[in-house]
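As structure tokens, the structure follows; a few thoughts come after it.
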Amino acid sequence: MAKESVLVLDFGGQYNQLIARRVRECNVYCEVKPYTTSLEEIRQEAPIGIIFTGGPNSVYDEHSPQVDPGIFQLGIPILGICYGCQLMAHHLGGKVTKAQEDSAREYGKTETCFDTACRLFADVPETGVTWMSHGDYMEKVPDGFSLVAHSAACPNVAICDEKRRFYGVQFHPEVNHTENGLAMIRNFLYKACGAKGEWTMGDYKDIAIASIRDKVKDGKVLLALSGGVDSSVAAALVAEAVGSQLTCVFVDHGLMRLNEGDEVEEAFRKWNINFVRANAEELFLSKLAGVAEPERKRKIIGEEFIRVFEAEAKKIGKVDYLVQGTIYPDVIESGAGDAAVIKSHHNVGGLPDYVDFKEIIEPLRMLFKDEVRQLGRELGLPEYLVMRQPFPGPGLAIRVIGDITREKLDTLRKADFIFRDEISKAHLEQTMNQYFAVLTNMRSVGVMGDGRTYDYTLALRSVTTTDFMTADWARIPYEVLDRVSVRIVNEVPGINRIVYDITSKPPATIEWE
Ligand code: XMP
């Protein structure tokens, strides 16, 4: 257990893990636990502060989540956010009411005024935008509390009782739309809870390792390693925790970028684990021979991937735990409902049905991507693995347009490497989120030396995006594009024309297939 920790009590709000992440950003360890966590457990863990999250309910709903009122007697500072604020007010003698249509009900960005004499708002500008999302409001503030923020529509945006160090805000300080939200959370941690802020990702690593050891004991652990950031960091973490009890199965489908398979294998050599590289290039290429339709390619790769993994897992026998590199954004996305399937993404998420194991371990489930990268660094993974850009599960199969041959894959690998190399030399990696080459199935006439060529057209694609759901094409300087073009045409036989994709998503997608 960390020396200094904050407990986030989960009341079902959508931003709960974001709250946890903000606390970690302030160098304080934190855990999200259900609102049903017993008083006894809280007492034992002795957090320096407690945060009540938001939630979809109204405190007056028949089955709305409640807390043991004893929590207010522990002498621990509490920050209530949205529903958490109303819950605190309700329990401590205030009155929460359903807002009428046009009065205090608020959604979205709201101009708010703060009383900066309150610890929570110390050194924060007196006015700023907050992100509201609440239907109920506090009609009567509990005894001992004062009002410390208001908006045009609502006089009771924030309350505080400095003596008991209880704070409540109707808005969400954890989301980026709230100006200075992080400063408010920092104020709660440092000024109200007295945090020292000594926690680092290195501590997270130690805690995660201890908890994996504790769970796994002398059991056998299996992990499907894709070479992507998430599965690599999960593998390194479990490797550090249980060493030779871990078997990593790396299905090499032969659709990786230049040297990628070797790089992944190399990175894991330092751990005393069982590393299985299933060289299945032949198998995948034979199954994909003559297949031009993108969704068919994905389906074949998805199925074969599972089959190869399953065959390797069978050799190991019964395993106790299967590790998955699920990270927090995957957890959100998997609950995203029934949006139309534009591309069926092949991920290893489907594996558990096929492998005999007792339980799944998801050690990165609470982390956001940048935190995962940070953890990877702490574990000593090389920078090229930690900073790897997203790479689709079906690999280069969906970047060779039309049917796939080994020759075309090799051509694409060389061209893609040159593109990445020039981006790196120009120090542009941080200005774009994904960049790669696509081998089109179009050939055109060119001239090289004195001869006519009739070779393939290569497309370069580079995008900027925050969520990969929408994207803009990256404005790569012409000189860089020029160097890439000259090098590829000179160094890669079979390509005589380079085009740069200048469509955004939508209407295009990031990948070409
Ligand atoms: P699109 O092409 O849909 O891509 O705009 C959005 C993001 O998803 C990646 N992508 C995939 N990832 N399996 C994956 O694991 C797939 O089949 C797949 N297709 C696209 C793409 O690289 C981009 O990051």
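Numbers for the structure displayed
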{"read-out": "Those helices (runs of 4 or more DSSP H) lying entirely in segment 368-487 with at least 3 residues aliphatic (A, V, I, L, M)", "value": "406-425"}
{"read-out": "Residue in segment 435-455 that is open to solvent by less than 70 Å² (accessible area, probe 1.4 Å), under 22 Å from residue 295 (Cβ atoms) and under 24 Å from the mean Cα position of the chain (by Cα) present", "value": "yes"}
{"read-out": "Selected residue [within 27 Å of the chain's Cα centre (by Cα), buried (at least 16 other Cβ atoms within 10 Å of the Cβ) and closer than 23 Å to residue 6 by Cα] from 121, 171", "value": "171"}
{"read-out": "Extreme residue, farthest from the ligand (Cβ to nearest atom), among residues of segment 491-513 that are aliphatic (A, V, I, L, M) and surrounded by fewer than 17 Cβ atoms within 10 Å (Cβ to Cβ)", "value": "499"}
{"read-out": "Number of positions in segment 329-351 that are closer than 22 Å to residue 239 by Cβ and either open to solvent by 30 Å² or more (accessible area, probe 1.4 Å) or modelled with pLDDT of 75 or more (or both)", "value": "4"}
{"read-out": "Pairs, first more than 23 Å from residue 214 (Cβ to Cβ) in segment 349-364, second part of a loop (DSSP other than H, G, I, E, B) and at pLDDT below 75, C-beta under 9 Å, six or more apart", "value": "349/334"}
{"read-out": "Where a residue in segment 24-36 is farther than 22 Å from residue 202 by Cα and its partner, wherever it lies, is in a loop (DSSP other than H, G, I, E, B), with Cβ under 7 Å and at least six apart", "value": "35/11; 35/65; 35/67"}
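Every residue, every condition in (1) modelled with pLDDT of 95 or more; (2) open to solvent by less than 10 Å² (accessible area, probe 1.4 Å); (3) touching a Leu at 6+ places or on another chain (Cβ under 6 Å); (4) part of a loop (DSSP other than H, G, I, E, B), yes or no:
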| site | (1), (2), (3), (4) |
| --- | --- |
| 210 | yes, no, no, no |
| 214 | yes, no, no, no |
| 234 | yes, yes, yes, no |
| 243 | yes, no, no, no |
| 249 | yes, yes, no, no |
| 255 | yes, yes, yes, yes |
| 261 | no, yes, no, no |
| 264 | no, yes, no, no |
| 270 | no, no, no, yes |
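The values are calculated or read from the model by the stated rules, or taken from the named source; none is laboratory data. In this text, all values refer to a predicted model and were calculated from it rather than measured experimentally. As a convention, Cβ positions derive from the backbone with ideal geometry for all residues, glycine included, and neighbour counts pool all protein chains shown. Side chains included, ligands, DNA and RNA excluded: accessible areas come from the protein's heavy atoms. Shrake-Rupley method; radii C 1.70, N 1.55, O 1.52, S 1.80 Å.
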